[in-house]
Structure formats: structure tokens, C-alpha cells
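Just so it is clear, none of the values below were taken in a lab; they were calculated from the coordinates. Just so you know, these numbers come straight off a predicted model, no measurement behind them. Cβ sites come from the backbone with ideal geometry, for glycine too, and all protein chains shown count toward neighbours.
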Amino acid sequence: MSGHGPAIPMSSRRATPLNGEAHVPGDKSVSHRSLILGALSVGETRITGLLEGQDVLDTAKAMRAFGAEVIEHGNGEYSVHGVGVGGFAEPEDVIDCGNAGTGVRLIMGAMATTPITATFTGDGSLRKRPMGRITDPLALFGAQSYGRSGGRLPMTIVGAKDPVPVRYTLPVASAQVKSAVLLAGLNAMGETVVIEPEATRDHTERMLRGFGAELGVEETDEGRVITLTGQPELTPQSIVVPRDPSSAAFPVCAALITEGSDITVPNIGLNPTRAGLFTTLQEMSADLTFENMREEGGEPVADLRARFSPDMKGIEVDPARAASMIDEYPILSVVASFAEGRTMMAGVHELRVKECDRIDVMAKGLRANGVTVDEGEDWWAVEGFGPGGMPGGGHAATHLDHRIAMSFLIAGMAAKKPVSVDDASPFLTSFPIFEDLMRDLGANFSRDNT
Ligand code: S3P
């Protein structure tokens, strides 16, 4: 079960060469932030190209529960009438964030410095994920939290009455933690400082500035030092959400491993804190090019062209790049299975606390499809077969994880025998048009009877 609907067992068979354009949906990270920052400003924020995946729809629902008005105009156009920094009302009921770690963690931060109480829950995947990484810094502002053992949801946050600003060094490379602290800092008088030893995606910083907050970033020996001045009046914005590079990764990687393919994925946001996969694929000798490079809304954007790449080689992926491609390791491990030699992915402990333990779950599913995978606590390595070589014929469990489901369906497109998954429905959380979009390119997916 996806938590939001019935399970969809699915199989993927060898595809015909992929051709055409793949228009992937809006960026998940930017979509969550657009709704939350819209709700924290006074007046109407207009959003174009919002990702209408379940994760983001759950955040929209949560913003309504905290008193903002979120209006859908159709075609990914939304407006948010915000209540201002410190203006959140106390929700009448439990906030269900579904599968969304980003949603729940950012919203916890956004409400933690307002004197209201809110209880959060989520689906079976989200209820297993650690929230202590968020509640520890929120406690420094004066917020209290009461959750299940191990800092798990359901969890109640009692917002601070007299929040004090904090100085916090991130113990893990996490944009969710950084963002929760910055959003909490909005309603604390004075300067909140977040130090990140390793750079993570910087959408929150860019967008806070866009909404008019005073925010400085300094590169120092300690890392990136981000200073936010509390209690700004956020001004509503018109936001055009860029298309999601993490979703683009799926059709791009499908084309690289499927014989005869040549596709274009237009208008993809290539913020350097997000684009690590594409650099890695090029290092592996993938035939991947960036066309029409341009700037849109202060972000680099390009059309990605991906062609079948029979000469890909396994590499050691630079661990320093991990944060910029953290969501892309599942699909990279599939591409690695079709490259010559071993691909080593180190410095990736965070993969163990995503929607599922992504190292464990990918390794099990790849092994079921004939691939040799070695793993340690914070690394894993895949032995590639070269083009068309993955035996396939195996079944993979997806554990309510969209990226696992999509990765195995892509694997089946080029494996010798079909690859099946117990439940493809999690793709609805981040890439609701995945099935149709991939079929239009040439995928051979079938829904299996339960
Ligand atoms: C996200 C941050 C990442 C990423 C997630 C989206 C964000 O999580 O995995 O899909 O929008 O801030 P971490 O911050 O926990 O690494």
C-alpha cells in the first residue's frame, strides 16, 4: 500500500528505442518551499508549475490547516494567501504529511517559534524516519517535542512562546535540517546562524532572499555560514517552479541504457547543489549533453539530451558530491549495472534514512535481478555487466519509496528479462505522470493483477 491508495504491482519489459521529449513536472523541493513561504508572507503569492504530487499536495493541505488560503487554478497554477511570519493558527486536527520527509520537517520548523501546538504524522515510511535531527535544534529556540521512541512520528510540537535565535552547526549534511532551522529563525528576534560543513541544496536561502528576508552567506573554514535576521515581513512573490532534475534523472538514465535511444528533457533546473548526477554520468562516459544553457529566475536551466551509451564505465563517485545527488543514487546504481566494471559509491550514510534504507533495498532488488552488490555502513559498490547485460527476471520490493519503484521499472527497460515491483504507486508522491511519460517515450510497462 502506498499509504494513499491501493498498491500497484507492475512489470517492466525490454523497451523499444526511446525517442521524443520528456516534460517532467516541477521541482519537489521548490514546490514545498513555495507553499510554505507563501503561507508565511502577507498577501498573495502566485505559483506556476507547482508539482502536483502527493507530497506537495499534503503540504498544501497542511498550510490550509495552519490558516493560509491555498487556491488551485488548474494546470499547476496556485495562489497562496499567507498569514505572515508568526501568524500560523493552531491546527484543529493532526497534520498528516503522508510520505514527505521534506514536508513534515520544514513545516515543523516553520511552526516551532509560534506559540501553538501541532501534532504530525505520516505514512508507514515517514513514521520510521528520524525527527530528532529536527527537534534537537528546534529545542534551542524553546520549542518542545513529544514523539514516539527514537524521535519518531506521530509527534507533537509545542511552539516556543518567546523564541530565542540560535547558532547551529549541522551534524548531518541535510537541507531539510538547515531549512527547518532557518524557517524557525524567521520568528525569532535577532540573528539565527546555521553553519553547514558540507554544502546542501540552497533553495531555502535563495527563496528567503526572494521573499525579502535579510540573509547572508559566507564561505569560511568551518563551511557555509548562513545568517538570517529574524522577524522580517515577507513579501509575496510570483514563482515559476523549475522542472525537477531528480525526476529528469529517470528518463535520462532510461535513455542511456536502452539501445537506440535519443531523447530530450527540456527546461531542467541545474542548480549546482542538485546536479551531481549529471556530472557523474558524464564521468562514466554517458552521452549526455546540456543544450540551450540559460538562466531563469536566477537558476541555471538547460535542455538535457541523452542518447544510448554503450561505452559507459564504472567509476569511483566523488564522495564530496554526495549531497548534490543524494536522491539519485538508486537510479545511478541501475545505470552502473549497465556500465563496464565496478561503480563505487562512498560517503552515503544518509541513504540509510531516506524513505527507506535505500542501500539495503536497492542492493536486495539488484541482487534479485542478478547484479553483484557489495555494501558497508556508508558505501556500496555495483559490478556492471556492460550494455544490455543485467540478467533481470527478478522481483523488487519498493517499501513505499518512489525512487526505488521508478529505478527498478527503468532497470526492466534494458534488462534481459522483465523486472517486477510489488508496488509502483509511490511514484505518485513525486512524479505523478511517470508511467504515462515513460510509456510515451517507449517503455513497456504492464500493471500486474494482484
Ligand atoms: C530535500 C532534501 C534532501 C532530499 C529530499 C529533499 C529538500 O533530504 O533527500 O528529497 O527539499 O530539502 P535531506 O535534507 O535529509 O538530505
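Calculated mean residue ellipticity at 222 nm for the chain: -8500 deg cm²/dmol, from DSSP H runs with n ≥ 4 weighted as -39500 (n - 2.57), summed, divided by the residue count and rounded to 500.
Axis angle, to the nearest 10 degrees, between helix 245-257 and the longest C-alpha principal axis of the chain: 0 degrees.
For segment 28-229, the square roots of the Cα gyration tensor eigenvalues, ordered a ≥ b ≥ c, give a/c below 1.5, which places it in the rounded category. Which angle from 0 to 90°, rounded to the nearest 10, does the C-alpha axis of helix 101-111 make with the longest principal axis of the chain? Helix 101-111 sits at roughly 10 degrees to that axis.
The simple spin-label model puts a point 7 Å past each Cα toward its Cβ; for VAL42 and ASP357 those points are separated by 5.0 nm. Taking a ≥ b ≥ c as the square roots of the eigenvalues of the Cα gyration tensor, segment 116-243 is classed as rounded, since a/c falls below 1.5. Amide H contacts under 5 Å for ALA424: ILE8, MET10, restricted to partners 5 or more places along the chain or on a different chain, H placed in the peptide plane at 1.01 Å from N. The mean sequence separation of alpha-carbon pairs under 8 Å and at least six residues apart, normalised by the residue count of the chain, gives a relative contact order of 20 percent.
Distance between the modelled labels on GLU198 and ASN292, one decimal in nanometres: 3.5 nm (7 Å Cα→Cβ projection). Taking only the alpha carbons of segment 167-223, we obtain Rg and Dmax values of 10.7, 29 Å in that order. Residues whose amide H falls under 5 Å from that of LYS417, counting only those 5 or more places apart or on a different chain, are GLY392, GLY393, with hydrogens built in the peptide plane. Using the Cβ-Cβ distance between GLU383 and ASP162 with R0 set to 56 Å, the FRET efficiency from 1/(1 + (r/R0)^6) comes to roughly 0.45. Using the alpha-carbon positions of the chain, Rg (one decimal) and Dmax (whole number) come out as 21.2, 62 Å.
With a Förster radius of 25 Å applied to the C-beta separation of ASN444 and ASP262, the computed FRET efficiency comes to 0.90. Relative to the longest principal axis of the Cα atoms of the chain, helix 132-141 runs at roughly 20 degrees.
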